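Notes to accompany the following structure.
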Amino acid sequence: MKTRFELDERGIILSCTQCGSRNRLAYDRLNQTFRCGRCQTQLGPPNEPLNVESAAQFDALTQSSSLPVLVDFWADWCGPCKMVAPELQKVASQNAGEFIVAKVNTELLSQVAQRFSINSIPTLILFRHGRDVTRQSGAMPAAAIRHFVHQHSGDVHA
């Protein structure tokens with residue numbers, strides 16, 4: 001599935017739905033409103049899970065994001081990971097602008113998984129300013145994932 005959003009070390013890149021111009025949403029300003037640099041159309045916040053493709057992208061996103069970042073550590077071969085994927089899509093769509101949902105493939109980014117001692121997948125970790133706020137292993141429905149994030153909202157908004 002092709003995502004509308006891409007990551008680099010400075011922000012989230014997306015194409016404007018009106019003019020097609022590529023725009024960067026800076027991580028440290030994700031809690032603000034963005035407009036297309038060319039046509040001034042308002043750009044919505046990420047409403048789908050973001051695929052993290054490098055340790056540098058992971059570090060930039062989790063350390064610089066002005067919004068909390070919920071990271072799903074997963075692998076292609078993992079059955080429960082496949083079950084939670086559509087639930088994370090629902091959460092990302094329903095909570096766009098409140099927090100970011102990102103996905104780290106533990107097979108491709110094993111050094112990131114090792115850094116956070118990921119021993120079972122799927123594992124969800126909630127980050128704020130680069131800090132591991134809380135974590136939960138195992139597949140969950142969307143409502144439980146939202147509850148997991150909101151349960152720690154005092155920690156998240158600190």
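Read-outs: derived from the displayed coordinates by stated rules, not from any lab. Since the model is a prediction, treat every value here as computed from it, not as a measurement. Cβ atoms come from the backbone with ideal geometry, glycine included; neighbour counts cover every protein chain shown.
Let me make sure I get this right: for region 1-42, a, b and c are the square roots of the gyration tensor eigenvalues over alpha carbons, sorted descending. Under 1.5 in a/c it's rounded, otherwise prolate if a/b > b/c, else oblate. Which is it? Please list the in-between numbers first.
Numbers: a/c = 1.98, a/b = 1.10, b/c = 1.80.
Oblate is the answer for region 1-42, as a/c is 1.5 or above yet b/c matches or exceeds a/b.
Counting Lys +1, Arg +1, Asp -1, Glu -1, what net charge surrounds P80 among other residues with beta carbon under 12 Å of its beta carbon? Walk me through the numbers on the way to the answer.
Working: positive: K82; negative: D72, E87.
That works out to -1.
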Would you mind calculating the relative contact order of the chain from Cα pairs under 8 angstrom and at least 6 residues apart, reporting the percent as a whole number?
22
Under the rule rounded for a/c under 1.5, else prolate if a/b exceeds b/c, else oblate, using alpha carbon gyration tensor axes a ≥ b ≥ c, region 45-156 is classed as rounded
Would you kindly state how much longer the chain becomes between R35 and T17 on full extension, computed as 0.36 nm times their sequence separation minus their alpha carbon distance, in nm to one decimal?
5.3 nm
Between A26 and S66, what is the label-to-label distance in nm when each label sits 7 Å out along the Cα-to-Cβ direction?
0.9
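Can you tell me what share of the DSSP beta bridges in region 45-156 is antiparallel? A percent to the nearest 5 is fine.
Working: 11 of 20 bridges.
Here the share of antiparallel DSSP bridges comes out near 55 percent.
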Label point distance in nm, Q89-N47, each placed 7 Å from Cα along Cα→Cβ
1.4
Find the relative contact order for region 93-158 and round it to a whole percent, using C-alpha pairs within less than 8 Å whose residues are 6+ positions apart.
21
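Can you show me the helix-derived [θ] at 222 nm for the chain, built from DSSP H runs with n ≥ 4 at -39,500 (n - 2.57) apiece and divided by the number of residues, rounded to the nearest 500. Please list the in-between numbers first.
Working: 5 runs with 46 residues, N = 158.
Here the helix-only value at 222 nm equals -8500 deg cm²/dmol.
Expected output is a single nm value to one decimal: the length gained when fully extending between S110 and R131, i.e. 0.36 nm times separation in residues minus the C-alpha distance. What is it?
Length difference between fully extended and current span is 5.7 nm.
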Pairing the Cα long axis of helix 142-151 with the longest principal axis of the chain, what angle in degrees results, from 0 to 90 and rounded to the nearest 10?
90
